[in-house]
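Okay, structure first, notes after.
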Amino acid sequence: MPKKIYLVGLGAIGSYFVKAMMDKYGNSGEQVIIHAIDYDKVEPHNIGNQHFSYADVGLRKSTAIQNRFAPGDNRPQGLLCRDIRWRLNDAEYGDYNDWINWSDIFIMAVDKMDVRRSIVNTINNARISQPPVIFDTRLAPEVIQSYSTTALTTENLAYNNDDAPASPCQSRFSADRELVQQAVDWLVENVEHCMEYGTPLFSERQLIGSEVIQW
């Protein structure tokens with residue numbers, strides 16, 4: 001049975017995570033299936049720390065990644081990228097619950113706290129017997145914060161306290177490519193552990209002098 005991954009965001013972490021997984025497992029869908037969403041377009045400042053080229057500028061990120069790893073009309077089963085935005089009010093896209101139910105692993109690779117809160121609330125409110133393992137990795141110019149959990153609660157201050165700091169995703173920046181790679185390496189390692197054993201790793205790490213927090 002292939003492991004099913006739902007990925008929200010195809011920026012620095014999301015685009016390179018797809019690359020790492022496609023390079024390792026291929027796009028046949030035999031071992032892993034990734035469903036990714038992102039509505040943003042590739043802009044010139046994305047080149048360098050996201051997995052895009054200047055030829056991709058102006059395209060939707062979802063289109064550029066889909067064409068790179070699963071091109072053609074007869075698309076392989078291992079990767080589906082859609083150009084939709086995670087809506088804070090999901091009335092327009094009512095399939096969120098369907099995809100949460102579908103997924104074994106849910107990855108937040110977004111840069112806004114209100115989107116994170118919306119995702120967490122949607123997962124909490126979904127009527128599912130077996131919630132997915134959830135990963136959240138955040139980048140700032142010199143900081144990585146990574147979180148993983150098998151259960152979420154509305155009392156989690158990281159998402160539900162309005163006074164919680166938005167850092168490290170509080171302003172636009174270009175994270176160092178090495179920092180991005182370390183964040184992606186951590187994510188891939190944990191996702192693979194989850195694919196094998198059904199749970200994430202919960203060890204603490206040091207990345208660029210910043211503790212990687214996991215709960």
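Data for the structure
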{"item": "Nitroxide proxy distance, nm - points 7 Å out along Cα→Cβ at Asp114 and Glu189", "result": "3.6 nm"}
{"item": "Separation in nanometres of the label points that stand 7 Å from Cα toward Cβ, at Arg87 and His45", "result": "2.8 nm"}
{"item": "Rounded if a/c under 1.5, otherwise prolate or oblate - the stretch 23-81, Cα gyration tensor axes", "result": "prolate"}
{"item": "Which of Leu10, Leu139 has the fewest Cβ neighbours within 10 Å, and the rest in rising order", "result": "Leu139, Leu10"}
{"item": "Inter-label distance, nm, simple model (7 Å from Cα along the C-beta direction), Glu178/Ile128", "result": "3.7 nm"}
{"item": "Estimated FRET transfer efficiency when R0 is 30 angstrom, pair Asn101-Lys19 (beta carbons, to 0.05)", "result": "0.65"}
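Taken together, the values in this text are just the output of simple stated rules run on the coordinates, not laboratory data. Predicted, not measured: the structure shown is a model, and the values here were computed from it. Please note: Cβ atoms are built from the backbone with ideal geometry, for glycine as well, and neighbour counts cover all protein chains shown.
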